[in-house]
Each structure stands twice: as structure tokens, then as C-alpha cells.
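The values are calculated or read from the model by the stated rules, or taken from the named source; none is laboratory data. Not measured: the values here are computed from a predicted model. Note: ideal-geometry Cβ built from the backbone for every residue, glycine included; neighbour counts use all protein chains shown.
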Amino acid sequence: MGPQETGEDYVHPYLNQENAAIAGYYVLTKECRLPFHGMDVLYYIGYGVLDNSCCGIGGCAYALVPGFITHWRYKKTAEDLFVSRIEPIRDEAFQNEVKQLIEKDEMVNQINFL
């Protein structure tokens, strides 16, 4: 069975790998599925470290929300990463509900939707 027609391909990133950024790096540490209104929401927990900035050092924990899962891990890339079909969450009321649920379970400073 192929992917559902809704959504767009989303390549799951590597976890626990430092990714260089202009003033430091970020790391995604956990991939999660959150039950929500009869669907699952895909989100990641990660942290960013600012250790190469002219303004000082710092960091934060965050959640990154690609969206609703419409087809879970239906194929792999040439680099052996899973691909799922994801429908971004555009509705502001849904975003606020998802934020509240994530904040209840995770210690994060910010939550960003793709």
C-alpha cells in the first residue's frame, strides 16, 4: 500500500547528532507521536547551544512539530532515513492545543511548527 494522497513527504532526521549552526549547534534528542483528535502528531524534542557567538553563550530546549502523520514511515531514503507523509498544522487553535499538550509533558522553552 502506497502513501495516502494528503500531506507531503517528510524525511525523519538523525537523532542525537550535532548539527552546526551559525553561532553554535543543535541536537534533536527524541522523536514522539502525540495522539490528537483521532490522529497522531509528529514532534521532536531538541536543544540548541550558542557557544560561538559574539554576544555570549546560552542555550534552550525546544520542540519542533512537523505536523499530522498521514502515513507513517512508508519508505526509506538512499541514506537509510525513514520517510513519512505529514500534513502541516496550520490551524491556530490546533497549534495552541498541541502546544499545551507538549508543554504538559516536556520541559521546553519554545515550540515551533513547520
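The residue that is nearest to Arg33 (Cα to Cα), among those in segment 76-100 that are part of a helix (DSSP H, G or I) and touching a residue at least 60 places away in the same chain (Cβ under 8 Å), is Val98. Evaluated against (1) free of Cβ contacts under 8 Å to residues at least 12 places away in the same chain; (2) in contact with a Pro (Cβ under 6 Å, 6 or more places away or on another chain); (3) among the charged types (D, E, K, R), Glu103 falls short on exactly one condition, (2).
Entry remark, segment 54-85: residues being within 14 Å of the chain's Cα centre (by Cα) and closer than 23 Å to Ala23 by Cβ number 4 in total.
In segment 6-17, the count of residues that are at pLDDT 95 or above, surrounded by 15 or more Cβ atoms within 10 Å (Cβ to Cβ) and not in a strand (DSSP E or B) is one or more.
For segment 62-102, filtered to residues that are closer than 18 Å to Thr6 by Cβ and touching a helix residue (DSSP H, G or I) at 6+ places or on another chain (Cβ under 7 Å), the residue that is surrounded by the most Cβ atoms within 10 Å (Cβ to Cβ) is Val65.
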